Amino acid sequence: MITCGAEIKGSELILCLLSKQDGLFQIAECRQIRHSLHNSNESDSIRKFQSLLKKLFDDYKVTRVVIKERPTKGKFAGGAVGFKIEACLQLIDGIEVSLMNGAAIKEVLQKNPIPIPYKATGLKAFQEGAFTVGYASLSQE
């Protein structure tokens, strides 16, 4: 069972594929870890974006997506395009989608710290948020 950690920054979706078996975490390779939603006012563009994600999830046998939740108000509030990306993920058939807020992530990481330094994972620096939410979600199980 592959879980996809996802972080939305502006009009960009950042992914990290993870699995956990016998207490060991595996980071799966992914052909494209960054996806941008351009022309978010055109429904064809949104459908194409969602179709691309569905194909990616089918190819990698992703069963669950965990999105790092963004505030709806305040200084760090998510924008309209980000919420469209979130909706695209939530409406993909056959994929369980959940949100995890920063406080919940922090609480899980206090109980289950990441066993190696992030740099040792081999992931790109910009994937850290997606990795962290995916790791926290799998650690809760």
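Each value in this text was obtained by applying a stated rule to the coordinates, not by laboratory testing. For clarity, every value in this text was computed on a predicted model and none was experimentally measured. Using ideal geometry, Cβ is built from the backbone for each residue, glycine included, and neighbour counts are taken over all protein chains shown.
Hand me the tally of lysine pairs in the chain: alpha carbons under 13 angstrom apart, and the pair either on different chains or 8 or more positions apart. Walk me through the numbers before you get to the answer.
Working: Lys9/Lys68; Lys9/Lys84; Lys48/Lys84; Lys68/Lys106.
Going through the chain pair by pair, I get 4.
With θ set to phi - 60°, apply the Karplus curve 6.51 cos²θ - 1.76 cosθ + 1.60 along region 93-102 and write out the HN-Hα couplings as whole Hz, x wherever there is a Gly or Pro.
Values per residue, Gly and Pro as x: 5, x, 10, 7, 10, 9, 10, 9, 7, x Hz.
So what's the back-of-envelope 222 nm ellipticity for the chain, counting only DSSP H runs of four-plus at -39500 (n - 2.57) apiece and dividing by all residues, rounded to 500?
Working: 4 runs with 51 residues, N = 141.
That comes out to -11500 deg cm²/dmol.
Quick one: among Gln26, Gln127, Gln90, which has the greatest mean-square fluctuation in a GNM of the chain with alpha-carbon springs under 10 angstrom?
Gln26
So which trypsin sites (Lys or Arg not before Pro) in region 58-141 are both in a DSSP loop and have at most 16 other Cβ atoms within 10 Å of their Cβ? If you can, show how the numbers build up before the last one.
Values: sites: Lys61, Arg64, Lys68, Lys73, Lys75, Lys84, Lys106, Lys111, Lys119, Lys124; in loops: Lys61, Lys73, Lys75, Lys124.
Of the trypsin sites (Lys or Arg not before Pro), the ones in loops of region 58-141 whose Cβ has at most 16 other Cβ atoms within 10 Å are Lys61, Lys73, Lys75, Lys124.
Rounded to the nearest 10 degrees, what's the angle between the helix 80-90 long axis and the longest principal axis of the chain, both from Cα atoms, 0 to 90?
For 80-90 against the chain, the angle is about 70 degrees.
Mean-square fluctuation check for the chain, GNM, Cα pairs under 10 Å: which of Gly122, Gly102, Gly82 is largest?
Gly122
Enter the per residue convex hull volume of the chain, computed from alpha-carbon coordinates, in Å³ rounded to the nearest integer.
Details: hull volume 15.6 nm³, N = 141.
Once divided by residue count, the hull of the chain is 110 Å³.
How do Leu89, Leu24, Leu56 line up, fewest other C-beta atoms within 10 Å first?
Numbers: Leu89 21, Leu24 8, Leu56 18.
Listing Leu89, Leu24, Leu56 from fewest to most nearby Cβ atoms yields Leu24, Leu56, Leu89.
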